[in-house]
Structure formats: structure tokens, C-alpha cells
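Scroll down for the structure; my scribbles are underneath it.
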Amino acid sequence: MSLYINDSTGVDELSVVGSQEQSFKSPAYALFANKQKNGAEAPEPKLFVFKAEDNEYQEISASALKKARKGCDGLNKKLIKQKEQDAKKQEQDAKNLEKQMSSLNIKIEEDKSLPAAQKCKINTSYAKVGERVKVSGWIHRFRSNKKVVFVVLRDGSGFLQTVLSGDLALAQQTLDLTLESTVTLYGVITKVPEGKTAPGNVELIVDYYEVVGLAPSGDESFTNKIAEGADASLLLDQRHLTLRGETLSAVMKVRSALLKAIRRFYVEESLLEVTPPCMVQTQVEGGSTLFKLDYYGEEAYLTQSSQLYLETCLPALGDVYCVQESFRAEKSHTRRHLSEYTHIEAELAFITFDDLLNHIEKLIINSVKYVLEDPVAGPLVKQLNPDFVAPEGPFLRLEYKDAIKWLVEHDIKNEDGAPFKFGDDIAEAAERKMTDTIGKPILLTKFPVAIKSFYMERCADDESVTESVDVLMPTVGEITGGSMRITDADVLVERMKSEGLDPAAYYWFIDQRKYGTCPHGGYGLGTERILAWLCDRFTVRDCSLYPRFSGRCKP
Ligand code: 4AD
């Protein structure tokens, strides 16, 4: 038998017959094709190779034939290997299919012979070691290692480590679970093995579960929506989702504990909580930051401070406080200004300026202490702000005039770049430098009349300054502003007029002085500012649920 080879027109394929018209491309392949067609034992064909220079087929040389035999062996080996690989793949595919079919076939059913599961929140589940419970929540973390699936469940009250094994881990339904899906897990609460840690030191050994709502996977998946390192404004657009994260939710939990602590302090100090209106027709802190609104055709504003209303409550209710939203149309984009913030304000009757300072100091020390003692918030503060040290009294009391001296001595310049002089406003940057350098809480007192609000009482021994106070904290600066209030109606009216305010609109506020005046004072504490200090957040925006600032009023 003869086979023909032409390396320019030939083709190495099994369908080729090997004639002069339909030749192979290489001698090795011609031998290989012959074995494939006629069997391994078939006699070796004679090979003729086309020589272009002579324009004819000539019998292959002995050395070329030797090389061709070697090549043929190589092709044979390659074929065997390929066949083996194909067989393996087929076997694996069959196994996968079988597994998938069995995963699909696994029905997750509750074993009714088990003790009934008690419904509970995660934070109460920690104490139920040995008991069968059912816990509902969101899948915070998900990890599968073929035989076992670990889910960290979150329900707001805490995190629970849970373990799914056996059929539960293999079931397609489990493999399809996604982050943020909601589930109800049933199982027995078990202590984690020695040396392992988990929230509450327990894990739930799941024996049954139900899917409540499956969250999207792929492009729409939770982690794609709030990718790590995404732009701050994109994250704010997705605030409803970012709030689910460990840091923001921790700050919100500390926030709740702080408000609880503040209320506890006020109860202890016999202050009564009131809720003044947010829609008002008077200003408290200057016209430039008023949010105007059309109130049935009349001009009205969103309140800047509830102070004036609190003052009017004193004769009716005694010392009062409120936790109310305040609104400021702040044009500046600073890390400590919001357009809407939660304002903790209090007003106290028959006090001296010193009483006011002592009260503010006690409020801060005690409420921080209560937060740190809180079983949920205390550890969260430690986690967010590991270096936090609870403030101790007495706070440094620094008069404005001495602060000016301090700033000059430390070569810190005012807003015009000049050395500070009496009467200058100590703006944010200088204030923060001073506070951070001193490194502890400061009660900055006795600001000049000209740079403070119209309602502030002057100091008896120096008419150029007021009985006013700002509390400054390292890293954030001012967290509280307060003062004694003018007690004399005529003096107050005079001050209002010199500030360009129409006393007629404030008749109800002035009446507080007319119908039984009293020395009194109060203050406002910015919730987000004290939180930024407590939780070591760079900006107050991280301390508000849905922060509002210029350019941001959604979601
Ligand atoms: O110093 P302020 O303007 O004082 C008042 O409003 C008084 N009427 C309060 C009173 O005496 N009842 O504001 C008080 C505190 C500030 O110290 C600061 O913590 C916070 O409110 N604050 C702001 N927080 C966030 N964003 C803003 N734009 C804020 N403006 C003031």
C-alpha cells in the first residue's frame, strides 16, 4: 500500500485517503492515519513525498521514515492521553449532575419529633444554651466549605454564628442563598468549642430553616451595590444599605444609648421632657442660617433651636429639656455641620452661671459613663474608638480672653491670617487646633457681647462679655453652646432692637421676663458632634441616620 505526502497542498486529517490527488501533509500523520484506519498491526505503507524541485513524488528517505515513525508514536500517545482525559471529564460531569440532582432533590423539612423551637431575638439566644430556638434575620456573612455552611445571622439585636451541615449544607436551596437574604433558622444553641470565639460565645446548630426573602445575586448583589472603597456620595445614595454595615450600625446603636443616657441623667436631675414645635416664626441664632418656608402664605422657618420655647416652659413645668431636630442652612461644607441635627437642649431656672457650668460638666461625665456601662454600647465604643478615655471633672475652664492670649502665644492666626485680638470669633480651625493641643475637654467661657446671641446675659463684673460657654472636645471642637439668659424684659427688648429683631414677634418670649422673671440659663448639645467625639468619626455625617447637608436631602 502507498500513501502520498505533500507538505504544501496536503491535509493531516483521518478523512484523507493519501492518494496523489488527496495527499497527507506530513509523513508521521500518514503512518498514524494508517494505524487508525487499518489497526495497529497493519503492515506499514510505502510513503511517497512530493519534491517541488523535481515536481514529482519520490519514495521517502530512510532517515525521514525513521523520524516519521517517531512522530507517529507521539501522535498515538497524545491520542491515548486525550481519550483518558475525555473519559475522566465525562465521569466528573456525570458525578456533578448526580450531585446537582441530589441537591435539587434534597427537601428541607422540619423533623417534627424535635422539641418545639422557641422564637427569640439573637441577643436573648446567647443565654439559651441547649435549647431549641428559631431566630429570624438577615444573612450578614456566608461561607461554604462543601460539607458545612457557616452563616452569620444579623437581626439588629446582635449577630449569631450558625452552622448548617449534612443535607442542609448540600441542598441547592442553601447553595443559592445570598448575602442579605432573610431566613428563619431553627436549631439548638451550643457553646462554641474551647479556644474559638463567636458573638455571645455560642453557635446555632441548625436543623431546619425557611427562606423568607432571597436577596439578588450577580450584578444586583448587595456587595456590588456598596462596594468597599466606593465614593462617599455613592455610599450616601445607598445609605439605606450602608446602614446595615457593622460600623454605621454600631454608631447608631451608640447614638441610641447616648440618648437613653442623656434622658436618664435628666430624670435623675428632675428635668421634664417637652417637645417644642419645629415650625416657627422667630429666629434664635441669626438670620443667615434660617430655612424659610411658606406657612399658608405666611413666612415661617424651621427651628434653629428650641431654646426660646424651653425658656417659656420654666414657669409652667420647672426645669425642662428636649431632644428635637434643629435646622441650619449652613452654606459651609465642614465635617461638623449638618443642615438638620438632633439638638439636645435644656433650660434651668434659678441658677447661677457657675451652676450652669457644673450642670453641663456633670451631664457630659455622667451620660458618657452610662453609655460606657451599657452592655451593648460600651463594647461598641471600645471597638470604634479603642483609645477613648472617659472624661473626668473638673473640666478646664478657660475664659475667652485667656484663650485669645493662648492663641497668640501659640502663634495660631485668626481668619484674616493675623494674630488673634479680643473680639475675634475663634473659628473652627483655630478652635480645633487649640482643643487638640490642650487635649482635654474645655469649658470656654465669657465670650464678648458682639460675637454672641442677643439673649445672653452680660457678666456683672464686666459688661463687655457674656455669661456664655462653649464646651470644646478634642478632635471635634465645640459640642455644646450655652449661656445665662437676660432676665430683664427691657434690657432684652433693647438687645433685640439693636440686633434688628422685631420684639413684637417675640412677645411670648419677652412675657417670660414680665410675668415673674428669674435668673436662668441653658444650653444646646449637638448629638452628632458628641457622637463624633465618642465614636471617633471624622465627620458628623457618620453619626446621623440620613445626614442632611447642602446638596444632600435624599434618600
Ligand atoms: O451654639 P448653638 O448655635 O446654640 C444654640 O442653638 C442655643 N440656642 C442652644 C441653647 O442654648 N439652647 O448650637 C448648640 C450646639 C452646638 O454646640 C453644636 O454642638 C450643635 O448645637 N450645632 C450643630 N451640629 C451640627 N450641625 C450644625 N450645623 C450645628 N450647629 C450647631
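Observations on the model:
- Test: residue in the stretch 331-344 that is surrounded by fewer than 23 Cβ atoms within 10 Å (Cβ to Cβ), more than 30 Å from Ala430 (Cα to Cα) and within 16 Å of the ligand (Cβ to nearest atom): no
- Search result, residues across the stretch 26-47 that are closer than 16 Å to Leu75 by Cβ, without any contact (Cβ under 8 Å) to a residue 12 or more places away in the chain and open to solvent by 90 Å² or more (accessible area, probe 1.4 Å): none
- Among the residues of the stretch 469-485, some residue qualifies, meaning at least one is surrounded by 22 or more Cβ atoms within 10 Å (Cβ to Cβ), assigned by TED's automatic domain parsing to the domain that holds Gly423 and farther than 29 Å from Leu534 by Cα.
- Counting only strands (runs of 3 or more DSSP E) wholly contained in the stretch 143-223, the ones carrying 2 or more residues that are among the polar types (S, T, N, Q) occupy 159-165, 182-191.
- Residue within the stretch 469-476 that is touching a residue at least 40 places away in the same chain (Cβ under 8 Å) and either among the small types (Gly, Ala, Ser) or closer than 30 Å to Gln512 by Cα (or both) present: yes
- Leu114 being among the aliphatic types (A, V, I, L, M) and either part of a helix (DSSP H, G or I) or without any contact (Cβ under 8 Å) to a residue 60 or more places away in the chain (or both): no
- Matching entry among Gly229, Gly200, Gly195 (being closer than 28 Å to Val129 by Cβ and open to solvent by 60 Å² or more (accessible area, probe 1.4 Å)): Gly195
- Any hit, the stretch 502-521, residues being within 16 Å of the ligand (Cβ to nearest atom), in contact with a Gly (Cβ under 7 Å, 6 or more places away or on another chain), of a type outside the set (Val, Ile, Thr) and closer than 28 Å to Cys313 by Cβ: yes
- Residue pairs whose Cβ atoms lie under 7 Å apart, separated by 6 or more positions or on different chains, with the first residue in the stretch 427-442 and small (Gly, Ala, Ser) and the second surrounded by 20 or more Cβ atoms within 10 Å (Cβ to Cβ), are Ala430/Leu407.
- Taking (1) under 53 Å from the mean Cα position of the chain (by Cα); (2) in a strand (DSSP E or B); (3) not assigned by TED's automatic domain parsing to the domain that holds Gly166 in turn, Lys134 satisfies each apart from (3).
- In summary, Lys25 fulfils each of the numbered conditions (1) at pLDDT 95 or above; (2) in contact with a helix residue (DSSP H, G or I) (Cβ under 6 Å, 6 or more places away or on another chain) with the single exception of condition (2).
- Checking Asp461 against (1) out of contact with any Ser or Thr (no Cβ under 9 Å at 6 or more places or on another chain); (2) open to solvent by 10 Å² or more (accessible area, probe 1.4 Å); (3) touching a residue at least 12 places away in the same chain (Cβ under 8 Å); (4) more than 15 Å from Ile404 (Cα to Cα), the condition it does not meet: (3)
- Comparison of Leu363, Leu372 shows that the only residue that is outside any loop (DSSP other than H, G, I, E, B), away from the ligand (no atom under 15 Å from the Cβ), among the hydrophobic types (A, V, I, L, M, F, W, C) and closer than 18 Å to Ala532 by Cα is Leu372.
- Conditions (1) at negative phi; (2) crowded, with 16+ Cβ neighbours inside 10 Å; (3) charged (D, E, K, R); number of the one not met by Lys446: (1)
- Here Thr527 fits the description: touching a Leu at 6+ places or on another chain (Cβ under 9 Å), closer than 30 Å to Leu234 by Cα and modelled with pLDDT of 95 or more.
- Of the residues screened, Val284 is one that is within 20 Å of Arg513 (Cα to Cα), modelled with pLDDT under 95, of a type outside the set (D, E, K, R) and in the same structural domain as Lys362 (by TED's automatic domain parsing).
- Qualifying residue in the stretch 417-434 (condition: open to solvent by 90 Å² or more (accessible area, probe 1.4 Å) and either under 30 Å from the mean Cα position of the chain (by Cα) or closer than 16 Å to Ile360 by Cβ (or both)): yes
- First in the stretch 289-315 and charged (D, E, K, R), second anywhere and within 13 Å of the ligand (Cβ to nearest atom), Cβ under 8 Å, 6 or more apart: Glu311/Glu347; Glu311/Arg485; Glu311/Phe509; Glu311/His520; Glu311/Gly522
- One residue alone among Ser23, Ser61 is open to solvent by less than 80 Å² (accessible area, probe 1.4 Å) and in contact with a strand residue (DSSP E or B) (Cβ under 7 Å, 6 or more places away or on another chain), and that residue is Ser23.
- Evaluation of Gln173 against (1) in contact with a helix residue (DSSP H, G or I) (Cβ under 9 Å, 6 or more places away or on another chain); (2) open to solvent by less than 50 Å² (accessible area, probe 1.4 Å) (one fails), failing number: (2)
- Candidate set: the stretch 522-555, residues that are open to solvent by 30 Å² or more (accessible area, probe 1.4 Å) and within 11 Å of the ligand (Cβ to nearest atom); chosen: the one farthest from the chain's Cα centre (by Cα): Ser550
- If the condition is being within 17 Å of Tyr341 (Cβ to Cβ) and among the aliphatic types (A, V, I, L, M), then the stretch 280-309 contributes Val280, Val284, Leu290, Leu302.
- In this structure, Leu492 does satisfy being in contact (Cβ under 8 Å) with a residue 24 or more places away in the chain, crowded, with 20+ Cβ neighbours inside 10 Å and either among the charged types (D, E, K, R) or more than 12 Å from the ligand (Cβ to nearest atom) (or both).
- Residues in the stretch 331-353 that are part of a loop (DSSP other than H, G, I, E, B), among the hydrophobic types (A, V, I, L, M, F, W, C) and over 18 Å from Thr539 (Cα atoms): Phe350, Ile351.
The values are calculated or read from the model by the stated rules, or taken from the named source; none is laboratory data. Note that this is a predicted model, so its numbers are computed, not measured. For neighbour counting, all protein chains shown are included, and Cβ atoms are generated from backbone atoms with ideal geometry for every residue, glycine included. For accessibility, only protein heavy atoms count, side chains too; no ligands or nucleic acids. Shrake-Rupley method; radii C 1.70, N 1.55, O 1.52, S 1.80 Å.
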